[in-house]
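Input: a single structure, listed below in structure tokens.
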Amino acid sequence: MMKPILFKWLALFTFLCPFITLAQQQVVHGNVGDQQGGLPGVSVKIKNTTRGTITDGKGDYAIKASNGEILVFSFVGYNNLEIEVDRVTINATLTHNDKQLGEVVVVALGLSRNKNELPYSAQTISGAEVNTNRNTNVLEELSGKIAGAQIKQSNDIGGSTNIVLRGPKSLSGSNQPLFVVDGVPVDNSSDLELGGTSNVTQNQRNGKGGYDYGSPGADVNPDDIASITVLKGAASTALYGSRAANGAIIITTKKGSKGLNVTLNTGVQFGSVDKSTFAKYQKEYGAGYGPYYDPNTPGSHFDYTDILGNGVKQLVVPTYDDASYGQKFDPSLLVYDWRSLDPTSPYYHKQTPWVAAKNDPSTFFVHPYTLNNSLFIDGGTDKGNYKLGYTRSDDYGILPNSSVGKNLFNFGGSYKLTDKLTAQASVNYTQTAGKGRGGTGFGGQNGEPMNLLQNFREFWQVNVDVKDLKDAYFRTQSNDNWNVKSPTDLSSAYWDNPYFVQYQNYETDSRDRFFGNVSLDYKLFSWLDILGRASEDYYNEFQEQRINVGSVVTPSSYYRLNRTYKENNYDLLLNFNKAITSDISFKGVLGLNARRQNINSISASTNGGLVIPGLFALSNSVNPIDYPVEEVDQKVVTGIFGGATFGYKDLFFLDGTLRRDQSTTLPEKNNTYYYPSIAGSFVFSSLLKDYTWLSNGKVKLNYAEVGNDALAHRINEVYDKSTNFGSEPLYYVSTVRNNADLKPERTKSFEAGLEASFLKNRLGFDFTYYKNNTINQILPVSVSTATGYSGLYVNSGNVQNKGVEVSVNGTPLKSNDFSWNINVNFAKNTNEVLALYNGVNNYQLAAYKGGVTTNATVGEAYGTLRGTDFVYVNGQKEVDATGHYVFTNNSNNNIGNANPDWTGGVYNAFRYKNFTLSFLVDFSHGGSIYDVDMVFGLWTGLYPETAGLNDLGNPKRNSLATGGGVILPGVHADGTPNTTRIDASQNQSAYGYQTAPNKAFVYDASYIKLREAALTYSVPASFVQRIGAVKAIDISLNGRNLWIIHKNIPYADPEDGLGAGSAYQGVQLGSYPNVRRYGFNLKFSF
Amino acid sequence: MKKILITLLGTIVLSSCVKKNEYLNNDTKSATTVPASALFSYAEKQLADVLATSAYNVNIFRLTAQQWTQTTAISESDYDLKLRNVPDGFWNAIYINVLRNLYEANKLTLADATLSTAQRNNQLAQINILEVYAYSVLVNTFGNIPYTQAIDYTNTTPKYDDASQIYDSLLSRLDDALSKLNANATGFNTADLLFNGVNEITSWQKFGNTVKLKLGITLADVEPDKAKTAVEAAAANALQSNADNVSFKYQTTTPNTNPLWVDQVQGHLIDYVAGATLVDLMNSLNDPRRPAYYTAIDTNSNPKAGDVLVYKGGVIGKVNTYNKYSTFSNTIAAPDLPSVLADYSEVEFDLAEAVERGYNVGGTAAGHYNNAVTASILSWGGSDADVSTYLLNPKVAYTTATGSYKLKIGNQKYIALYNRGYEAWTEIRRLGLVLPLPPNQTSYLNRFTYPITEQNVNQANYSQAAAAIGGDNIATKLFWDKN
């Protein structure tokens, strides 16, 4: 079959030959890729000549060729492709080399393996898939593209991204996978994880105030990524030892290719708040909690005071009350509101009509935008290659005065010192500077920052116009505010002017980070390489928080934290690759790893307030400052490991690894531990060569055990210090007890899978079933506090995750001009807590307002929400004789679970000539959210549910006597339907937490989102050629979080969480709206 | 070449290996040994704090005693304990912050070989008296609580003990502690932040006997014999005058100020106003302590200088406008306002009650009553003239005031226990005062429900305790509450 084709080509070639040699040479360029996107390093040769090049990091190439010449594209693992030159832009899509070598996948420790050999699942996505959208946070770009990855992103600027692979395994840990860049671990611990068990972070975990400083993994430059491989199971990560029990995300950065290649990207993105994810306000009733004010005013809804000093009483809006259960709006009713109390306001001492605000809090948000420019230069010779990159990005958030800017410098190079010795280095330096990040959770207490979203969603007066607040702040730069205590005391009662918060009480933070490695690779024999590698990940963080004089939060304060994080890894690897017989192949690795980690922080804060307003320095403290808090965490882990892969006739593969770790954070008697893994695969398609429709088929089976050590300082008891009382020192016992008998944690993991592709790889799927059990977890098990402790560190529990992952990819249509690729991911994970500590059947993870807790309960899934529930009669909610809901006295009813039932994504890419259109829809089904914003927002009468008409067609908020009120749906104890109308005119009546159990505020977290879309146009070469040195220009329009196609939670984005870390899932409090992003990017290749 | 390379890399890797594991895992910034006195001082401050604070997720007793009420966030005045997990906050503060550290201080004191036997015994007695005090607060708040199995991390699910049996144990521990106190030696000396080393041991003898008197009188309605024995034994040895009052003296600078000041004054809160129940009672008696308790306000329809200022309290359990009601006075707003653990006035009220109950404590009911009222007025800055005028008021004078002895003593004790919300709440229940109910309630708050954490992590014992006391709800009466 090959021969006729070859003959035809040869004949054609021979025929054309005379013309070709006469033809004018021109620069032909294009992009070479596979179904996943651009392929770097593909050889592009002109047939029967010595002329050739290879594709750059993005799969682009340029070569001089004449019309009629034949371009031959070849790359290991792919079928050669020949295309005749008849135009200047020639894009090529390579197909996998059927039944031969599979694609090369980078696995643990930076080793590469052919995909066919892999006896465990590893999903790879190309750099193009994460950098087309020009998102400054690479972590978010994984969303929907990896089967079995649950990704939750925070909507606040620079907020953290929570990634969980194959379900939460650790009861108290972060559950986030290990991040590895070019074989070297890079820290992705959130601020909260580094903060450990300090009170501040514990409080934030329980929904109290703080800032979300984001995920340090976002320091990786998306433009520098060649590919990302996600290793989900323990068998694939066992060689990493202690730290990859939650899986690993292996990032390979770009390598230089031959010649000199310059790529310039310049992009801009604009954003807008998705209104469906922000509060909607009723516009019928204004300030107040109900008819509690002066009886001589309309509806008893106003104060009646002489504010002008003329002896006449006036209607004054109750500015101090942060609710909207007041008087019905009426433009003919003239009142004195907060503006008339502010001497600097044009409305000072003036009456204004009683109407709803024109500009509600959604107008507080500014249009966010991002500028993102990068320059990459790479090149290479036979001896070596290099790449050099610089990216500058500036994100401006939806809150005024908020931004996150990044400078990312990347350098990488390798050089063949001799035929046998190669030196390689990679150096990355990143700077991140944040300002004005939004507060999280229930802030404003104990010096915590305010969360404006909590203000807007829970406590607001719908008569207050945000435009007026803006004018008021910029008039005086002070806290001139709607929420003043009284006409004679203009200090704020509960909330500041939101502009004052963003311009005076903003935080700033910076992280300067260096990570990189140097290595020497010596080819001792043709079958043995020795690799020595030293790496460092070092960063310096500086966080400052401010509360200026004049704020609601008192005393004013300045807090600063300096933290350095440092991790060094030293690796010595022996790589074997030798065929034992002609049928049996062998690849092996033997290695040593030494890891040192050091986290060092100091924080301090003013005491008793600031002396001089606006001077944020520790020395500007009213009282002498308290002791700074110092923390030093050190950890050393030494590992020895080995692994071997045997192949038989490309038919059977057997892989085994063993690692021994020794960690300083465990007691000496238990500090050495082993992880084994064994895996096998059977490439059945090798036996079925006659079935040409079957391109590839493989079954895989593996079992592995990995483990984990403890955090630093979990063994010995220490005492904590409190400020001296006069000259008497005060010490106390730590509230969480350590344990001198800790053992390493262990995850036992079983995985079975089937991979196959058909019709020359036009259709393929990968199916995986897994089951893993995490046992002996080291966790601060929450115990009865009557023990004197809030928790004890123990080895505890058995958490089981089992599930399936399916990914399907296909190329339903393909021709020279048009192609359609589709990729579908689906995953279902079932989580169950099988055992906890010593007969304890519940572990409380976090406690929120209203008595709701997140729990791990034996026999239930991790992340069960508990609280008060309705009482049900035949499945209907019971209502008492007064028409109100009856609810349980106890708060340990199961009212929901944070885990989704299943998740997935569908990715489509269409290519027509020079246009490429791609989009991703991702979805998550099931799971619950306890929405504290609704708990209070209904109670304060902000939302439309609390106003409007009742079943009789009368205003709900009318008195019962005038036909108002509502009938709550439900039945009496005897099963008869409720017919009793109850008052709905004030805060304690029909809506909100006082009249409904916690369960009433638990919503389904499902969603379907159009996550991203991109349209790219490669400018025709005929045009590009006119611009001197430019080889190619790509213009792209891109968008992210464009459309929430379906969701069930009102007024909020079901994905928004309190921050990274598992205990935060399943609750929203002061949640940030989703931001739609639309971008434009220009890419020039030189 | 290759040998050099291997040697070099091998050296890098192996030199990083760990020789001494423990060294690297030591928390180099925290203490591993501390003096017992530092834990004792801490526990004293924590006990004072939890009784003094007005943080509504810890101590809401000023609200349940209706000394204060809330403005807009009225959940606690309305007995909603779940919104802010109040029982968890109060329970944790005592078990974790107070009792855990007293236990540790006890352990270290026993092990301290440098102490003389007399000093060690004094210190152990001081620790024990404070432990008894702290447990009594928990029992009087919740009913049955973990006691015999408490403060033991090896038992993560401690059982709950019967409240009356805990009382028996507390009384015998108190007797043991009192018998150990030896005035010829010191105890914790200046590290004892209640007395700062001044007349240390005699002060602790009086304090211990006062605690015994309080425990004894609390049992009066349920175990009269035990009550009589304890009260009679303690009566003569309890506090003798206001000079003996036991309080924790705060400083004027943060963080060692009174937590009430931190929350209310430094925090500029407008969450609380005076409660009508106490204000109305004091107004009806023309009580001279009002200026020390509350601010006076102008309620005229057109306020102007020279108006007569009045004391007005907000409606219990309803939304109240901050500006329209009295709030706490400048006296209460002082950063160094002491947190009172026991005072002479309550001793005299207890003795008045003891006489009425036929206990042999000397004196007359009216005499003790007058002493109590006098001590209270003077301690709040009132004059002798204020006292005599007040005691002549027929609604105050013991012989002419209306109601049973419980009501007469109860009303005055209720007034005297201002700003000691927990004590006031306990006496309201114990003496059977009837306070108005918040609009959504059908029962007074007779106890705190158990912490939600206990439902989740100590469920079996929780359920047993809930059943044993007659249901884990706020209407359930404590074992000593027979009103």
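Within the set of pairs 6+ apart or on separate chains, which have a first residue in segment B:174-202 that is over 15 Å from B:LEU39 (Cα atoms) and within 12 Å of another protein chain (Cβ to nearest Cβ), a second that is of a type in the set (Val, Ile, Thr) and not in a helix (DSSP H, G or I), and C-beta atoms under 9 Å apart?
B:GLY197/B:THR186
Answer yes or no as to whether A:VAL824 is without any contact (Cβ under 8 Å) to a residue 40 or more places away in the chain and among the aliphatic types (A, V, I, L, M).
Criteria not met by A:VAL824.
Suppose we keep only residues that are under 18 Å from A:ALA1052 (Cβ atoms) and hydrophobic (A, V, I, L, M, F, W, C) within segment A:896-937. Which one would you say is farthest from the other protein chains (Cβ to nearest Cβ)?
A:PHE923
Is it true that A:ASN738 is within 14 Å of chain B (Cβ to nearest Cβ) and surrounded by fewer than 17 Cβ atoms within 10 Å (Cβ to Cβ)?
Against the criterion (within 14 Å of chain B (Cβ to nearest Cβ) and surrounded by fewer than 17 Cβ atoms within 10 Å (Cβ to Cβ)), A:ASN738 does not qualify.
Return the total of residues in segment A:448-488 being over 24 Å from A:GLY209 (Cα atoms), part of a loop (DSSP other than H, G, I, E, B) and not acidic (Asp, Glu).
Of the residues in segment A:448-488, 6 are over 24 Å from A:GLY209 (Cα atoms), part of a loop (DSSP other than H, G, I, E, B) and not acidic (Asp, Glu).
Is it the case, given these coordinates, that B:THR114 is away from every other protein chain (no Cβ under 12 Å) and not in a helix (DSSP H, G or I)?
Taking the combined requirement at face value, the residue satisfies it.
Go through (1) away from chain B (no Cβ under 14 Å); (2) crowded, with 18+ Cβ neighbours inside 10 Å; (3) over 24 Å from A:LYS771 (Cα atoms) for A:TRP820 and report which single condition fails.
(2)
A:VAL781 versus (1) at pLDDT 85 or above; (2) among the β-branched types (Val, Ile, Thr); (3) surrounded by 23 or more Cβ atoms within 10 Å (Cβ to Cβ): which is the lone unmet condition?
Condition not satisfied by A:VAL781: (1).
Of A:LYS328, A:LYS406, A:LYS383, which residue is farther than 25 Å from A:GLN477 by Cβ, at pLDDT below 95, surrounded by fewer than 22 Cβ atoms within 10 Å (Cβ to Cβ) and in contact with a strand residue (DSSP E or B) (Cβ under 6 Å, 6 or more places away or on another chain)?
A:LYS383
Output the qualifying pairs, or none if there are none: Cβ atoms under 7 angstrom, residues six or more apart or on different chains, first residue in segment B:84-98 and more than 9 Å from chain A (Cβ to nearest Cβ), second residue among the small types (Gly, Ala, Ser).
Close Cβ pairs satisfying both conditions: B:ILE94/B:ALA134; B:VAL98/B:ALA43; B:VAL98/B:ALA134.
Exactly one condition in (1) under 25 Å from B:VAL347 (Cα atoms); (2) surrounded by fewer than 21 Cβ atoms within 10 Å (Cβ to Cβ); (3) over 20 Å from the mean Cα position of the chain (by Cα) is false for B:ILE377; which is it?
The single condition B:ILE377 does not satisfy is (2).
Considering B:LEU171, B:LEU194, which residue is surrounded by 20 or more Cβ atoms within 10 Å (Cβ to Cβ), modelled with pLDDT of 95 or more, under 30 Å from B:ASP472 (Cα atoms) and not hydroxyl-bearing (Ser, Thr, Tyr)?
B:LEU171
List the residue pairs whose Cβ atoms are under 6 Å apart, where the first residue sits in segment A:484-507 and is more than 14 Å from A:VAL553 (Cβ to Cβ), the second is in a helix (DSSP H, G or I) and among the charged types (D, E, K, R), and the two are 6 or more positions apart or on different chains.
What qualifies is A:TYR499/A:LYS470.
Conditions tested, residue by residue: (1) at pLDDT 95 or above; (2) within 25 Å of A:LEU490 (Cα to Cα); (3) in a loop (DSSP other than H, G, I, E, B); (4) within 14 Å of chain A (Cβ to nearest Cβ).
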{"site": "B:THR257", "(1), (2), (3), (4)": "yes, no, yes, yes"}
{"site": "B:LEU269", "(1), (2), (3), (4)": "no, yes, yes, yes"}
{"site": "B:ALA274", "(1), (2), (3), (4)": "yes, yes, no, no"}
{"site": "B:LEU278", "(1), (2), (3), (4)": "yes, no, no, no"}
{"site": "B:ALA292", "(1), (2), (3), (4)": "yes, no, no, no"}
{"site": "B:THR299", "(1), (2), (3), (4)": "no, yes, yes, yes"}
{"site": "B:LYS304", "(1), (2), (3), (4)": "no, yes, yes, yes"}
{"site": "B:ASP307", "(1), (2), (3), (4)": "no, yes, yes, yes"}
{"site": "B:GLY317", "(1), (2), (3), (4)": "no, no, yes, yes"}
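Any residue in segment A:291-302 that is more than 11 Å from chain B (Cβ to nearest Cβ) and under 17 Å from A:PHE329 (Cα atoms) sitting within a Cβ distance under 8 Å of a residue that is of a type in the set (Gly, Ala, Ser) and surrounded by fewer than 17 Cβ atoms within 10 Å (Cβ to Cβ)? List the pairs, counting only those 6 or more apart or interchain.
none
Determine which member of the set A:LYS99, A:LYS152 is part of a strand (DSSP E or B), at pLDDT below 80 and not β-branched (Val, Ile, Thr).
Within the list A:LYS99, A:LYS152, the selection yields A:LYS152.
Looking for something in a loop (DSSP other than H, G, I, E, B) and either more than 14 Å from chain A (Cβ to nearest Cβ) or of a type in the set (D, E, K, R) (or both) - is there at least one such residue anywhere in segment B:117-137?
no
Being at pLDDT below 95 and among the hydrophobic types (A, V, I, L, M, F, W, C) is the requirement here; does A:VAL312 meet it?
Considered against the rule, which asks whether it is at pLDDT below 95 and among the hydrophobic types (A, V, I, L, M, F, W, C), A:VAL312 comes out as yes.
With the condition being more than 14 Å from chain A (Cβ to nearest Cβ) and under 15 Å from B:PHE61 (Cα atoms), I'd like the helices (runs of 4 or more DSSP H) fully within segment B:392-483 carrying at least 1 qualifying residues.
B:405-416, B:421-431
Exactly one of (1) out of contact with any helix residue (DSSP H, G or I) (no Cβ under 9 Å at 6 or more places or on another chain); (2) farther than 30 Å from A:ARG134 by Cβ is unmet by A:LEU371. Its number?
(2) is the only condition that A:LEU371 fails.
For segment A:408-422, does any single residue satisfy the condition of being assigned to a strand (DSSP E or B), in contact with a helix residue (DSSP H, G or I) (Cβ under 7 Å, 6 or more places away or on another chain) and in contact (Cβ under 8 Å) with a residue 24 or more places away in the chain?
Checked segment A:408-422: at least one residue is assigned to a strand (DSSP E or B), in contact with a helix residue (DSSP H, G or I) (Cβ under 7 Å, 6 or more places away or on another chain) and in contact (Cβ under 8 Å) with a residue 24 or more places away in the chain.
Residues of segment B:70-83 being of a type outside the set (Asp, Glu) and more than 10 Å from chain A (Cβ to nearest Cβ), which ones?
B:GLN70, B:SER77, B:TYR79
Name the residue that is surrounded by the most Cβ atoms within 10 Å (Cβ to Cβ), counting only residues in segment A:563-577 that are in contact with a Lys or Arg (Cβ under 8 Å, 6 or more places away or on another chain) and more than 14 Å from chain B (Cβ to nearest Cβ).
Top of the filtered list is A:PHE576.
Between B:LYS3, B:LYS107, which is more than 21 Å from the chain's Cα centre (by Cα), more than 7 Å from every other protein chain (Cβ to nearest Cβ) and at pLDDT 90 or above?
Within the list B:LYS3, B:LYS107, the selection yields B:LYS107.
The values are calculated or read from the model by the stated rules, or taken from the named source; none is laboratory data. The shown structure was predicted, so the numbers you read here are calculated from the model rather than taken from an experiment. Counting neighbours? That spans all protein chains shown, and the Cβs are built from the backbone with ideal geometry, glycine included.
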